[in-house]
Amino acid sequence: MRLDDTRESDNVEDRRGSSIGGGSLGIGTIVLVMVASYFLGIDPSTLLGFVSQTPLQTEHSAPAHRPPADDAMAKFVSKVLADTEDTWHAEFRTIGKEYQEPKLVLFSHSTPTACGTGDAAMGPFYCPLDRKVYIDLAFYRDLKERFHAPGEFAEAYVIAHEVGHHVQNLLGISDKVRNAQKRAGSKAQVNALSVRLELQADCFAGVWGNRADSMKHLLEPGEIEQALTAASAIGDDRLQKQTQGYAVPETFTHGSSQQRVQWFRRGMESGDPRQCNTFKTRDLS
């Protein structure tokens with residue numbers, strides 16, 4: 001990606017190297033949340049939202065500071081975050097709203113969040129209760145080696161997807177989905193709503209990719225395929241087949257590889273968030 005002339009965001013908190021105090025979740029299922037998040041690609045903030053409607057408290061907060069100036073990967077994610085800020089500020093102005101920028105927290109191993117203890121095994125996630133995106137940068141090694149999805153735009157897609165959840169939170173979409181999930185008659189219906197939420201975040205990530213390329217020409221030839229590969233690699237069907245040898249569509253929470261690719265591509269090709277309404281289409285494939 002052509003990021004040399006791109007500004008860095010002021011919204012990056014670096015907690016790496018900091019250990020956390022004993023977080024008090026008040027929930028015995030946090031381990032199950034982390035396991036499900038890792039093996040099934042489930043957004044832990046979504047799962048934690050089912051468990052409690054009040055912020056989960058931690059006893060201590062890890063100290064945060066700006067990343068070192070010579071940290072190339074931290075600088076990369078900071079520049080990607082800054083570009084998402086530019087994109088969504090512009091988009092929110094078109095609908096008469098003000099975009100509130102999220103924080104991006106870099107951590108190692110685990111860190112306290114308003115949604116409970118964040119663990120690296122969860123992968124990157126967004127916590128709607130504190131409006132922060134969390135990522136252990138070691139995940140990018142997994143993206144390359146475990147998921148076979150290397151490349152800078154694949155890494156940027158991960159951040160843009162989580163920022164997409166922040167956009168949903170600001171627009172009230174996430175709350176509407178959680179309320180609908182409470183009224184759902186079955187676990188399959190709850191999962192189906194989660195899939196639509198996640199596919200919309202993929203589409204929003206594609207919208208950012210479109211704007212980044214059309215306005216600033218940030219993408220190198222072939223980089224769009226990197227993000228498509230990443231989207232395909234973390235589809236529920238592929239992850240389930242890797243971990244248990246078969247897929248169970250009723251348990252999908254993020255969508256199949258085909259669906260994730262399709263909705264990212266839809267945002268990427270249109271550059272229009274209005275094309276990302278996964279809740280008004282019957283067929284997601």
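The values are calculated or read from the model by the stated rules, or taken from the named source; none is laboratory data. Predicted model only: the values in this text are computed from it and were never measured. Here Cβ is always computed from backbone atoms with ideal geometry, including for glycine, and neighbour counts include all displayed protein chains.
Here are a few things to note about the model shown:
A quick yes/no check of all residues on (1) touching a residue at least 60 places away in the same chain (Cβ under 8 Å); (2) buried (at least 21 other Cβ atoms within 10 Å of the Cβ); (3) not hydroxyl-bearing (Ser, Thr, Tyr):
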| position | (1), (2), (3) |
| --- | --- |
| Gln240 | yes, no, yes |
| Thr243 | yes, no, no |
| Glu250 | yes, no, yes |
| Thr253 | yes, yes, no |
| Gln258 | no, no, yes |
| Met268 | yes, yes, yes |
| Asp272 | yes, no, yes |
| Phe279 | yes, no, yes |
| Arg282 | no, no, yes |
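- Residue check for Trp208: within 16 Å of the chain's Cα centre (by Cα) and over 30 Å from Asp4 (Cβ atoms): no
- Scan of the stretch 168-183 for residues that are surrounded by 14 or more Cβ atoms within 10 Å (Cβ to Cβ) and over 18 Å from Arg131 (Cα atoms), ordered by number: Ala180, Gln181
- Checking the stated criteria, Phe107 turns out to be buried (at least 23 other Cβ atoms within 10 Å of the Cβ) and over 22 Å from Cys203 (Cα atoms).
- Within the stretch 109-126, the set of residues being in contact (Cβ under 8 Å) with a residue 60 or more places away in the chain and hydroxyl-bearing (Ser, Thr, Tyr) comprises Ser110, Thr111, Thr117, Tyr126.
- So Leu218, is it outside any helix (DSSP H, G or I) and crowded, with 20+ Cβ neighbours inside 10 Å: yes
- Count - residues of the stretch 74-99 that are exposed (fewer than 13 other Cβ atoms within 10 Å of the Cβ) and not basic (Lys, Arg): 5
- Enumeration of residues in the stretch 139-166 that are under 19 Å from Gly271 (Cβ atoms) and small (Gly, Ala, Ser): Ala156, Ala160, Gly164
- Among the residues of this structure, Ala230 counts as one that is buried (at least 21 other Cβ atoms within 10 Å of the Cβ) and among the hydrophobic types (A, V, I, L, M, F, W, C).
- The numbered conditions (1) in a loop (DSSP other than H, G, I, E, B); (2) within 22 Å of Pro124 (Cβ to Cβ); (3) at pLDDT below 95; (4) of a type outside the set (D, E, K, R) are all true for Thr278 except (3).
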